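A.B. asks: Below: one structure in structure tokens.
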Amino acid sequence: MTWLAELRAAALVGTARHPAPCPPAELGVRPPEGPSAEESLLDQAALADAVTRAARQPRRLDDAGLAEPAPPDHCPQATGEAARLLDLLLTQPPVGPELRTQLVTDWLKLAAASGVRVPHSLLPPLLAVAGTRPSVAEHLHPAIGTRGRWLQGMLESDQGASASAARDGQSSETGDWAELAGTDATAELERLRRIHPATARTLLGGHWDNLTARERAAHLATFATNLGSDDEELLERALHDKAKGVRDTAAALLDRLPDSARAARMAARLRPLLRLNGMLRKHLEVGLPPEPDAAAIRDGIPARPRNGEPDRLARLDTIIRGAPLDTWTSATGRGPASSIALLKGETRILAAIASTAAQRADLEWVRALLEDRFEPRLLACLPPPEREERLVRYLRSGAVQAFALVEPLRDLPRPWGPELAATVLEQITAKSGGQLAVMLAGILPAALPPEAAGQCRQLLERSDDDAARRRVLRDAVQYQSFRQSLTEAFL
Amino acid sequence: MGRWSEDRVAGAAPDAASLAAARKLARPGPWSETGSNDVLVWGKCQGSGKTPYQVSVDLAAPAYRCSCPSRKFPCKHALALLLLWSRGEAADAGTEAAGFAREWAEQRADRATVRERRQSEQPADPAAQAKRLADRLALMDAGIADFSRWLADLVRTGMASARTQPYSWWDGVAARLVDAQLPGLAEQVRTMGSDIHARSDWTDHVLYRAGRWWALTKAWRMRDHLTPDELADLRVAIGWPVPASEVEGAEALPGPWLVLGAHRSDDGRLQQQRTWLRGPDGTVVVLLDFAARSEPLATPQLAGALLDATVARYPGSAPQRALFTGGVGTAGMAQTLGEGSSIRQALNAESAAVASSPWRERHPVLLAGVRVCTGGSGWLRDEAGDALPLVDAPLDSLLALTGGHPVDVFGELEEGRVRPLSAVVGNTVVTP
């Protein structure tokens, strides 16, 4: 045992139970004669303290583990007012968290547009904000520049996130895909679907037979992104699958392809069920489907359960969802709007048609259905200007509960057009609009166009007891003025 | 006095909330009758009440006064006024000082003269002074004797049993040391009361620390044989400070002084600020500022600034504690901190310093061409491949500023780790 270890042991249990050691001769110290055991131990502790502190050695770090330094930044750094404003937003935000997020995003976009980058010293707080706010994370590039990308890499590798390499680089080898574990493989496939749907298809097709049922279902579900008629072959193959989960996923995906063979088969099943009725052929009668045959069961129509009655309406729903929508128009000989009129009162059938139209984003049918009913998912299919126009109409007419419009309003691209902005402001400043104001609080400041700032200011000056509403308006005014300073700072 | 920079104003804020509130107030709207001269900035701020608050700031001290009821110093009004003034948006120089500001300044000046007169007029009674000193030494001797008995008990029963003691046990020992006028030792014992539970290397830590305390008690007993510098170091370690008034009379060293770096800490009871300076002849000194929890610390000096000031040094071994003997002006910014050393050289210098002043725990180092590396709490690595672990360092900020390239770093060596306080990046001194 070394001297230090002896000393440590004696100190730990106490000199009452463990004698103090003698200092090593190499240190060249001569212990004084005759002190007690305690004094001797304390003397040696003092010696050990001084020796340890005077003999500190640096550690060695190998070249091998060293990360490459950051390559130079070619973009100029943001200076002056622009840098000051970002610093303010990151370190002492003068606005609430939602507005801050929006303003930081605005800053990044403006910086990207003017070709400047974030000052190096502000990268850490910016990345910290991006860590919790996806909308900031999305706009980091190119504003954070080379140093920012490098820093992201350093911090990620420091946290040992090795999977990140597969995520950011295009370089990930598709050959390695089979090696990835379940959820990572799904994530990688999802990434590929966004950029190269065909590669993802070939990849999954090639490995299909080696995968577990759960993996097949999860991987196939990623085909919802960029689904096209090229995917039909693999989906048809999946319809034969042993596992119900895989079959259901394939059927749900094929529901979105009205030109597929399965859609044609569904059309053939739907057509005989439709019959125009009544004296003036004013009603479209829809019959119930017969007991499904093997081919129908394979296409996803529920078979007869072991006991109890089969759910025939559910079978009908499946057929409607799979069949092309023009089956209806060809059966009635009229357009979508009139066909819908013929189905008046058939709520379940109309609901199935609506979900089919929404899934396929069939604009003709979506528009016709929206005349009949309000459904956010239908509205979401329309191009933004048309959506805005309809939202203005809904808000003005009061036909739809304003709260139901919050979601569609959130989904609209910002800023809104002047007309929508004016209508919304009108609604929230109406007597009962306080609650709507609160629900829109997070998005309103950025959604209002700059021209609306003046109106907000006027509204704010009007006396109002509703503190929440005042806060929303004040946020809007604050956002606009800060945003104005940002724009000027980048001029 | 020159106009303050906005950073300097921010540094004067007692907390972030005050600064945020001040930023909201820092627009011309609520302000009236603002003005400034060489030493004063003043103005009136319309608050929620009927009469506007009267705000005055003495830039030289610095001292703040505001008629608002806030208990923060400086309050948001004073900060907002300084912000406006630092941006040149209000309080332009040249106007006659407002009545309230002038009155306040005169009162302060009067009080200061009265205090000075009282001090200088106080009849020095050598006999009484000698008796006070003898009383104090007797008290300290008894305290040291008591403390060495306690240390002997500590090692007789062992560190393991000391670890089972509650915090109040350590606190009791510390309280006795305070009564014996040994506050420096008391502070160390109190810290040990939490360190013994918090640290993974507690066995060695307590052992070495007990050894150091033991050596202190022995050094105290032979204090008559110590050199003046050694005695001064010992006095710092046990907490018998040399009064600032004695230091002010000492030889004043002229500047310009380069601010190497500064560190602020807050242990919950006391805020401390250390500022390391280097003079034109290479002398390194450290300024210490203390403030109770709720009070503001002195405005921090910006790393890399060249200060036009003279300092007087406390007795003790280098690097000595120092204080400014007059006003402080800024004489520009340095582009570099000077010639640094390798990590091995820095550790050798530390060893030499331990030999001459065994009570000092912190050593300033300027490391040349070190790279910031990740892993654990981070590392600094020099060209030779030697490395030191970082302590209290914002690793992400260091990486962002340096990009992993070799840079010169100034910091404090402490228990084999380095606390970086400033770095030189592209001809600018930056703080992580």
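A.B. asks: If each residue of separation counts as 0.36 nm, what is the full-extension length gain between residue B:6 and residue B:425 once their alpha-carbon separation is subtracted?
C.D. replies: 148.7 nm
A.B. asks: Here is a follow-up. Which value in nm describes the separation of the simple spin-label points at residue A:282 and residue A:214, placed 7 Å from the Cα toward the beta carbon?
C.D. replies: So the two model labels end up 5.7 nm from each other.
A.B. asks: Could you give me the ³J(HN,Hα) list for the stretch A:102-113, computed from phi with Karplus coefficients 6.51, -1.76, 1.60 and θ = phi - 60°, whole Hz, x at Gly and Pro?
C.D. replies: For the stretch A:102-113, the Karplus-derived couplings read 4, 5, 5, 4, 4, 4, 4, 5, 4, 5, 4, 5 Hz, x marking Gly and Pro.
A.B. asks: Distance from the Cα centre of the stretch B:241-284 to that of the stretch A:67-99, in angstrom?
C.D. replies: 33 Å
A.B. asks: Taking square-rooted eigenvalues a ≥ b ≥ c of the alpha carbon gyration tensor, is the stretch B:1-103 rounded, prolate or oblate, where a/c under 1.5 means rounded and, failing that, a/b exceeding b/c means prolate?
C.D. replies: Since a/c stays below 1.5, the shape of the stretch B:1-103 is classed as rounded.
A.B. asks: Report, by chain and number, residues whose modeled amide H sits under 5 Å from the one on residue B:255, excluding near sequence neighbours (fewer than 5 apart, same chain).
C.D. replies: For residue B:255, the qualifying residues are B:309.
A.B. asks: Quick check: residue separation of residue B:349 and residue B:15 times 0.36 nm, minus the Cα distance between them. What number comes out in nm?
C.D. replies: Extra length from residue B:349 to residue B:15 when fully extended: 116.5 nm.
A.B. asks: From the phi angles alone, apply the Karplus equation (6.51, -1.76, 1.60; θ = phi - 60°) to the stretch A:85-99 and give each ³J(HN,Hα) in whole Hz, x where the residue is Gly or Pro.
C.D. replies: Values, residue by residue: 5, 5, 4, 4, 4, 7, 9, 9, x, x, 10, x, x, 5, 5 Hz.
A.B. asks: While we're on this one: Where nothing but the Cβ of Lys and Arg (+1) and of Asp and Glu (-1) is charged, how large is the charge dipole of chain A around its Cα centre, in debye to the nearest 20?
C.D. replies: Roughly 1820 debye, rounded to the nearest 20.
A.B. asks: Classify the stretch B:294-432 as rounded, prolate or oblate from the Cα gyration tensor: take a ≥ b ≥ c as the square roots of its eigenvalues, call it rounded if a/c is under 1.5, otherwise prolate when a/b beats b/c and oblate if not.
C.D. replies: Oblate shape, in that a/c is at least 1.5 and b/c is the bigger or equal ratio.
A.B. asks: Among A:289, A:258, A:276, flag the residue with its Cα farthest along the positive direction of the charge dipole of the stretch A:228-301, charges on Cβ as +1 for Lys/Arg and -1 for Asp/Glu.
C.D. replies: A:276
A.B. asks: Next question. Please report the equivalent ellipsoid semi-axes of the stretch B:182-323, computed as sqrt(5 x eigenvalue) of the Cα gyration tensor, largest first, in whole Å.
C.D. replies: Sorted largest first and rounded, they come to 29, 21, 14 Å.
A.B. asks: Restricting to DSSP H runs of at least four residues, report the calculated mean residue ellipticity at 222 nm for chain A, -39500 (n - 2.57) per run over all residues, nearest 500 deg cm²/dmol.
C.D. replies: -17500 deg cm²/dmol
A.B. asks: The stretch A:424-491 to the stretch B:312-332: how many Å between their Cα centroids?
C.D. replies: Their Cα centres are 54 Å away from one another.
A.B. asks: Would you please give the residues with an amide H less than 5 Å from that of residue B:341, counting only those at least 5 places away or on a separate chain, with H modeled from the backbone geometry?
C.D. replies: B:366, B:367, B:368
A.B. asks: With respect to the cross-link table entries A:109/B:24; A:431/B:24; B:24/B:72; B:131/B:218, which display a Cα-Cα separation exceeding 20 Å?
C.D. replies: Violating the 20 Å Cα-Cα cut-off are A:109/B:24; A:431/B:24; B:131/B:218.
A.B. asks: Hey, another quick one. Amide H neighbours of residue B:64 under 5 Å, counting only residues 5+ apart in sequence or on other chains, H built in-plane at 1.01 Å?
C.D. replies: Amide H neighbours of residue B:64: B:58.
A.B. asks: First measure r as the distance between the Cβ atoms of residue A:55 and residue A:233, then evaluate 1/(1 + (r/R0)^6) with R0 = 56 Å and state the FRET efficiency to the nearest 0.05.
C.D. replies: Between residue A:55 and residue A:233 the formula returns 0.15.
A.B. asks: Something else: In Å³ and rounded to a whole number, note down the convex hull volume per residue for the Cα atoms of chain A.
C.D. replies: 319 Å³
A.B. asks: OK, next. Going 7 Å from the Cα of residue B:96 in the Cα-to-Cβ direction, what parts of the stretch B:33-53 have a backbone nitrogen less than 20 Å from that spot?
C.D. replies: Only B:33-44 fall inside the zone, counting backbone N under 20 Å.
A.B. asks: So, in nm, how far is label residue B:227 from label residue B:414 when the simple model puts each one 7 Å beyond its Cα toward the Cβ?
C.D. replies: A separation of 2.8 nm, rounded to one decimal place.
A.B. asks: Quick check for you: which residues of the stretch B:380-405 have the amide N under 18 Å from the point 7 Å beyond the Cα of residue A:157 toward its beta carbon?
C.D. replies: Taking a point 7 Å out along Cα→Cβ of residue A:157, the residues of the stretch B:380-405 whose backbone N falls under 18 Å are B:380-382, B:395-405.
A.B. asks: Estimate the FRET efficiency between residue B:281 and residue B:39 by the formula 1/(1 + (r/R0)^6), using the beta-carbon distance for r and 30 Å for R0, to the nearest 0.05.
C.D. replies: After rounding to 0.05, the efficiency reads 0.45.
A.B. asks: For residue B:142 and residue B:114, FRET efficiency with R0 = 45 Å and r from the beta-carbon atoms, rounded to 0.05?
C.D. replies: Working from the Cβ atoms, E equals 0.75.
A.B. asks: I've got another one for you. Where a ≥ b ≥ c are the square roots of the eigenvalues of the C-alpha gyration tensor, would you call the protein assembly as shown rounded, which needs a/c under 1.5, or, failing that, prolate if a/b is larger than b/c, or oblate?
C.D. replies: Cα axes put the protein assembly as shown in the prolate bin.
A.B. asks: Sort B:386, B:141 by accessible area with a 1.4 Å probe, largest first.
C.D. replies: Ranking B:386, B:141 by accessible area, largest first, yields B:141, B:386.
A.B. asks: Using the Cα atoms of chain B, I'd like the radius of gyration and the largest Cα-Cα distance, Dmax, both in angstrom.
C.D. replies: 24.5, 73
A.B. asks: Here's something else I'd like to know. Which length gain, in nm to one decimal place, applies between residue A:66 and residue A:403 when the Cα-Cα distance is subtracted from 0.36 nm times their residue separation?
C.D. replies: Contour length minus the Cα-Cα distance gives 115.7 nm.
A.B. asks: If you don't mind, there's one more thing I want to ask. Where q = 0.17 Å⁻¹, what log10 of I(q)/I(0) comes from the Debye formula for the stretch A:324-411, counting one point per Cα?
C.D. replies: Debye output, listed in q order: -0.71.
A.B. asks: Moving to a separate point now. Give me a comma-separated list of calculated 3J(HN,Hα) values for the stretch A:40-57, in order, Karplus coefficients 6.51, -1.76, 1.60 applied at θ = phi - 60°, integers in Hz, x for any Gly or Pro.
C.D. replies: With coefficients 6.51, -1.76 and 1.60, one gets 4, 5, 5, 4, 6, 5, 4, 5, 4, 4, 5, 5, 4, 6, 7, 10, 6, 10 Hz.
A.B. asks: Can you compute the label reach from residue A:485? Point 7 Å from Cα along the Cβ direction, backbone N cut-off under 20 Å, restricted to the stretch A:60-102.
C.D. replies: A:78-102
A.B. asks: Give the range of the longest stretch in chain A that excludes all GluC sites (Glu not before Pro) found in loop regions by DSSP and having at most 16 other beta-carbon atoms within 10 Å.
C.D. replies: A:174-345
A.B. asks: What accessible area, summed over both chains, is buried at the B-A interface (1.4 Å probe, Å², nearest 100)?
C.D. replies: Chain pair B/A: roughly 4400 Å² of buried accessible area.
A.B. asks: How long are the semi-axes of the equivalent ellipsoid of the stretch A:1-58, taking √(5λ) for every eigenvalue λ of the Cα gyration tensor, in whole Å from largest down?
C.D. replies: 19, 14, 10
A.B. asks: Calculate the translational D of the stretch A:204-327 in whole µm² s⁻¹ from Stokes-Einstein, where the hydrodynamic radius comes from the Kirkwood formula applied to all Cα pairs, the temperature is 20 °C and the viscosity 1.002 mPa s.
C.D. replies: After rounding, the answer is 137 µm²/s.
A.B. asks: What whole-number distance in Å separates the alpha-carbon centres of the stretch B:179-218 and the stretch A:331-360?
C.D. replies: 83 Å
The values are calculated or read from the model by the stated rules, or taken from the named source; none is laboratory data. Please read these numbers as outputs of a predicted model, since none were measured by experiment. Neighbour counts are summed over all protein chains in view; Cβ atoms, including those assigned to glycine, are modelled from backbone coordinates with ideal geometry. For the accessible areas, the whole protein counts, side chains as well, though only heavy atoms, and no ligand, DNA or RNA atoms are used. Shrake-Rupley method; radii C 1.70, N 1.55, O 1.52, S 1.80 Å.
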